[in-house]
Structures are given as structure tokens and as C-alpha cells.
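**Student:** Please see the structure below; I have some questions.
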Amino acid sequence: MKIDELNVDEHYGEIGEVVSDEQKRRGVLIHAFQKIQKEHNYLPEDQLKELSEKLNIPLSEVYGAASFYKHFYFKPRGKNIVCVCVGTACHVRGASKVLEKLEEEFGVKEGETAPDKSMTLETVGCVGCCGLAPVVTVNEEVVGELTPHKMKEIIEKIKE
Ligand code: FES
């Protein structure tokens, strides 16, 4: 995202008349974070610095606002986001083995991105499909009743 092109006033329309300049500048932060992350897959430091200067908001506050939301990231993320469910049902049905297998195959630990950026490995408490345990999500897709064969397919697809 070109921070220079960020037009603070255009986001407010008529309501802009009753909103202070400072409120307007702070109010566009989330929108800017979304655009930056969409383009880079995370929030690069140089972009946040530029944003801080453009909006005249201290960098610490820019980081503070972004880190409040779980879905903004400060490190590059992989092309695929693989999330292993480690909730009770999945734990009982072998989630730790699933996690170990993925860590071993991609040379990562939970929360890390593979060196080739093919994937980022995450965990989650429950995805609401306990009857299908053990479960992983690959991007938007839920894969349940994992078997070694399904794991192999997931791994091969990511490595393609
Ligand atoms: S515990 Fe894994 S889907 Fe609920």
C-alpha cells in the first residue's frame, strides 16, 4: 500500500464535520492495517513507520493499535496457513502427533513460518467440529477425521 495515497478525509463523508482531525487520523488506522496486510500478508515495519509519520501518531501507538487485534501479524506469513486443533476432542484423538508430523515435515515449530514460506503452522483451541477430531484447517478448508493418508495429501499439496 502506498501510504502517501491514504486519504484520511475520504473515509468520513458527512460525519467528518463532527469528528476531530485527531479522531479521523486514528480512525483510519484499522483500515490502513487491513490494506497493508492484504498486500504484504503481514504488517512490515517500514510501512508502519510511514503510516505513523503520515498520520502523525507515535509509532508505539500504531503498534499498540495493531497488536490489540489478533488477526494482524508482524512477521511474514506463509502462503498456506495450517492450523492444528489442540482442543480436548482433538487432543484425545492424536492432535499432538499431527502437530509433530507437520513440524517435522516443514522444519517449523508452532507459530513459525517455513523457511520457503510455503506455510505457517498455528494451533487453535477448537474449531467447532469435535465430532470430526482430529481436525486441521488449511487456509479456509476444514479437514477432519485425519488419517496418515489425509496428512500425506495435505503435506504434498502444500509442498507443490
Ligand atoms: S476440539 Fe478440535 S474441533 Fe473441537
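The values are calculated or read from the model by the stated rules, or taken from the named source; none is laboratory data. What you see is a predicted model, and the numbers here were worked out from it, not measured in a lab. So basically every Cβ, Gly included, is an ideal-geometry build from the backbone, and we count neighbours across all protein chains shown. Remember, those area values only see protein heavy atoms, side chains included, never the ligands or the DNA or RNA. Shrake-Rupley method; radii C 1.70, N 1.55, O 1.52, S 1.80 Å.
**Student:** Report the net charge of residues surrounding I57, where surrounding means a beta-carbon distance below 10 angstrom and charges are Lys +1, Arg +1, Asp -1, Glu -1.
**Tutor:** 0
**Student:** For the chain, find the longest principal axis of its Cα atoms and tell me its angle to the long axis of helix 148-159, 0 to 90°, nearest 10.
**Tutor:** Once rounded, one gets 40 degrees.
**Student:** Find out how many positive minus negative residues lie around E153, taking Lys and Arg as positive, Asp and Glu as negative, among other residues whose Cβ is under 15 Å from that of E153. Before the final figure, lay out the partial values.
**Tutor:** On the way: positive: K101, K150, K152, K157, K159; negative: E105, E141, E145, E156, E160.
Here the charged neighbours net out to 0.
**Student:** Can you pull the percent of Cα pairs in the stretch 1-137 with separation above 19 Å? Intermediate results must be reported in sequence, preceding the final value.
**Tutor:** Values: 5619 of 9316 pairs.
Of the Cα pairs, 60 percent sit more than 19 Å apart.
**Student:** Please give the direction-averaged projected area of the C-alpha convex hull for the stretch 80-159, in square nanometres with one decimal.
**Tutor:** 4.4 nm²
**Student:** Which residue, chosen from I81, T147, Q34, occupies the Cα position most advanced towards the positive end of the dipole of the chain, where the dipole is computed from +1 (Lys, Arg) and -1 (Asp, Glu) charges on Cβ about the Cα centre?
**Tutor:** After comparing all options, I get T147.
**Student:** So for the chain: antiparallel DSSP bridges make up what percent, rounded to the nearest 5? Mind dumping the intermediate values first?
**Tutor:** Numbers: 7 of 13 bridges.
Within the chain, antiparallel bridges account for around 55 percent of the total.
**Student:** With each pseudo-label sitting 7 Å past Cα toward Cβ, what's the S118-H40 distance in nm, one decimal?
**Tutor:** 2.6 nm
**Student:** Please list log₁₀ I(q)/I(0) at q = 0.16, 0.21, 0.35 Å⁻¹ for the stretch 121-160, using the Debye equation with identical point scatterers on the alpha-carbon positions.
**Tutor:** Debye output, listed in q order: -0.39, -0.67, -1.30.
**Student:** Find the accessible area per residue for the stretch 17-103; the probe is 1.4 Å, ligands and nucleic acids are left out, and the unit is Å².
**Tutor:** Per-residue value: 60 Å².
**Student:** A further question follows. Name the aspartates and glutamates eligible as straight-distance cross-link partners of K109: C-alpha to C-alpha under 18 Å, and not fewer than 8 places from it in the same chain.
**Tutor:** Output for K109: E100, E122.
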